[in-house]
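All remarks here apply to the structure that follows.
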Amino acid sequence: MSAMDLDTDISTVLAAIRQETEAPEILELSYQLEDFYERKLWNQLTLALQQFYETPANQNGPLRAKLFDLFVSKCHNKLNYLRVIDFLLLSFPEPQECLAKLQQLQADIVAELGKRYSLRRLDDPESQINGDEAVVYIRLQIARHALLLGDLSSAELILDSISEKFETTLQNDYTSQINAAFYLTKCQYYKYYENYNLFYTNGLLYLSSVEGAMSDEQRVLFCYDLCIAALLGDKIYNFGELILHDILQSISDLQNAYFWLYNLILNLNCGNLAEFNRWLNQDAQSKSPQVWSHRDFLHQKIVIMALLELILSKLTPDKTLLFQEISSATGISLDDVEFSIIKCFSLGLIKGHINQLQQTLVVTWLQPRVLNLDQVKNLYSRLVDWNSKVDGLSKEVYSSGGNLWAIA
């Protein structure tokens with residue numbers, strides 16, 4: 001097809017799209033697309049396409065898919081490949097169709113890059129192509145959609161081949177967008193295997209890398225998965241990054257279907273045994289069989305968090321606690337106290353020693369934690385008390401120091 005025929009075809013496609021909508025913003029954008037294409041203003045064309053996909057009137061319906069198939073795919077080699085991949089993802093929400101489109105686009109991108117790199121006469125053009133950010137990005141999207149369809153072997157091959165490029169977020173050469181795609185794909189992978197610890201870690205890395213705002217539905221669903229991982233991860237006892245992130249507010253509304261999960265996380269963080277068990281028994285059984293099936297583990301977890309809260313609230317400088325005191329605060333028998341303490345030691349949550357003869361625990365270090373408002377108030381009152389004692393001691397030294405100075 002000649003350039004003139006292609007231009008005519010593009011005009012026909014955009015004219016057909018205008019026939020399918022009455023939205024004034026879509027009509028205006030279609031004329032802009034045609035104008036920018038004819039004038040070969042590729043950067044402006046990319047921005048206009050982004051605006052087209054973000055227009056509320058275009059959120060549903062076949063216009064996105066039609067525009068991609070009949071317009072974007074005809075000139076994608078002139079545009080920013082990362083944006084083209086994003087346009088594809090927005091155009092085809094069904095995983096099977098999207099995966100097929102991604103694979104076709106990957107072949108086109110690799111072929112186009114092969115032509116470009118061959119002109120440079122590089123020693124290893126294949127390595128350059130595999131390391132290109134567009135190729136890495138689309139391969140990650142292919143892996144994620146393969147996971148959504150249950151094709152683990154294909155996803156693992158891709159992840160194994162590119163994981164070394166993302167060993168550290170701060171040192172790799174890729175943008176935040178590509179780092180976010182990597183961590184989101186890893187989340188999908190670990191979700192399939194129910195590896196809650198690694199899902200939680202990669203989920204937080206995803207939130208630190210993702211650019212732009214997620215949709216309300218995406219925020220709620222990802223927050224749900226992250227909270228489930230925080231609850232069920234056997235090595236997760238610090239929830240500060242999740243609580244401080246605004247994604248948790250997406251389920252904090254009383255009318256939200258996951259409001260019970262929001263309360264479980266908050267009460268687990270502060271070791272509130274009674275409230276945690278109330279929300280667990282009241283909602284988890286009927287709303288989340290996954291959480292309810294782990295209730296024995298969650299009981300152990302809230303006991304540990306209650307113990308940490310007891311240590312935090314202890315006023316004595318040496319943090320010495322009686323086994324009986326621990327038993328009363330956590331609701332476990334005296335025989336189980338030592339096991340819970342040893343569990344805290346093994347998880348690196350506390351440091352200290354046990355005096356079995358006196359049935360006491362001496363804590364010398366407590367893992368730093370994010371405090372809620374009540375805990376901050378308690379800490380504030382303790383600091384005020386400490387300041388008062390220091391002030392009293394300084395006055396006593398000052399009042400009795402006169403005779404000492406006189407003797408000297």
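The values are calculated or read from the model by the stated rules, or taken from the named source; none is laboratory data. Please read these numbers as outputs of a predicted model, since none were measured by experiment. Cβ coordinates were reconstructed from backbone atoms using ideal geometry, including for glycine residues, and neighbour counts include every protein chain displayed. SASA here: full protein model, heavy atoms, side chains in, ligands and nucleic acids out. Shrake-Rupley method; radii C 1.70, N 1.55, O 1.52, S 1.80 Å.
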Would you pull out the residues with amide H under 5 Å of PHE239's amide H, same chain only if 5 or more places away, H placed 1.01 Å from N? VAL370
Length gained when the stretch ALA16-SER286 is fully extended (0.36 nm per residue, less Cα-Cα span): 92.2 nm
Kirkwood-based shape ratio for the range 53-112, expressed as Rg/Rh from alpha carbons: 0.95
Taking only protein heavy atoms and a 1.4 Å probe, what accessible area per residue, in Å², does the chain have with all protein chains in place? 55
Karplus-derived 3J(HN,Hα) from phi for the range 296-307 (6.51 cos²θ - 1.76 cosθ + 1.60, θ = phi - 60°), whole Hz, x at Gly and Pro, runs 5, 5, 5, 5, 4, 5, 5, 5, 4, 5, 5, 5
For ARG295 and ASN77 in one chain, what is 0.36 nm times their gap in residues minus the Cα-Cα distance, to one decimal in nm? 73.1 nm
So if R0 is 25 Å, what FRET efficiency would GLN255 and LEU221 give, r being the distance between their Cβ atoms, rounded to the nearest 0.05? 0.90
Relative to the longest principal axis of the C-alpha atoms of the chain, give the angle of the C-alpha long axis of helix 24-38, reported between 0 and 90° and rounded to the nearest 10°. 60
Over the alpha-carbon set of the chain, work out the extent along each principal axis and list the three values in angstrom, largest first. 103, 62, 49
For the chain, what % of the accessible area comes from carbon and sulfur atoms, probe 1.4 Å? 52
Considering only TYR200, TYR192, TYR31, give the residue with the highest GNM mean-square fluctuation for the chain, with springs between Cα atoms whenever their separation is below 10 Å. TYR31
Taking the Cβ of ASP160 as the centre, find all other residues whose Cβ is under 13 Å away and add up their charges (Lys, Arg: +1; Asp, Glu: -1). +1
Magnitude of the Cβ-charge dipole of the chain, K/R +1 and D/E -1, about the Cα centre, nearest 20 debye? 1000
Over the chain, with a Gaussian network built from C-alpha contacts below 10 Å, which listed residue (GLN104, GLN356, GLN177) shows the highest mean-square fluctuation? GLN356
Just want the answer: with Cβ charges of +1 for Lys and Arg and -1 for Asp and Glu, which residue in PHE199, ALA180, ALA146 is farthest toward the dipole's positive end in the range 122-206? PHE199
Projected onto the charge dipole of the chain (+1 at Lys/Arg Cβ, -1 at Asp/Glu Cβ, origin at the Cα centre), which of GLN50, GLN285, ASN267 gives the Cα projection farthest towards the positive end? ASN267
Reported to the nearest 10 Å², TRP42 has, with a 1.4 Å probe, an accessible area equal to 60
Residues whose built amide H sits under 5 Å from the amide H of GLY352, excluding neighbours closer than 5 in sequence, are THR364
Lys and Arg at +1, Asp and Glu at -1: add these up for the other residues within a Cβ distance under 12 Å of GLN51 and post the number. -2
Send over the semi-axes of the range 45-175's equivalent ellipsoid, whole angstrom and largest first, taken as the square roots of 5 times the C-alpha gyration tensor eigenvalues. 26, 19, 14
Considering only LEU226, GLN59, SER399, whose Cα is most displaced toward the positive end of the charge dipole of the chain, charges sitting on Cβ of Lys, Arg (+1) and Asp, Glu (-1)? SER399
In sequence order, what are the phi-derived ³J(HN,Hα) couplings for the range 176-183 according to the Karplus relation 6.51 cos²θ - 1.76 cosθ + 1.60 with θ = phi - 60°, rounded to whole Hz, with x for glycine and proline? 4, 4, 6, 4, 4, 4, 5, 5
Convex hull around the C-alpha positions of the range 265-408: the volume in Å³ per residue is 147
To the nearest 10 square angstrom, what accessible area does ASP69 show with a 1.4 Å probe? 60
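Calculate, for LYS395 and THR360, the FRET efficiency according to 1/(1 + (r/R0)^6) with r their C-beta to C-beta distance and R0 41 Å; round to the nearest 0.05.
The value I calculate is 0.75.
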Whole-Hz Karplus couplings 3J(HN,Hα) for the range 209-222, θ = phi - 60° and coefficients 6.51, -1.76, 1.60, Gly and Pro as x, run 9, 5, 9, x, 8, 6, 5, 4, 5, 5, 4, 5, 5, 6
Taking R0 as 22 Å, what's the FRET efficiency between ASN378 and LEU322 from their Cβ-Cβ distance, rounded to 0.05? 0.60
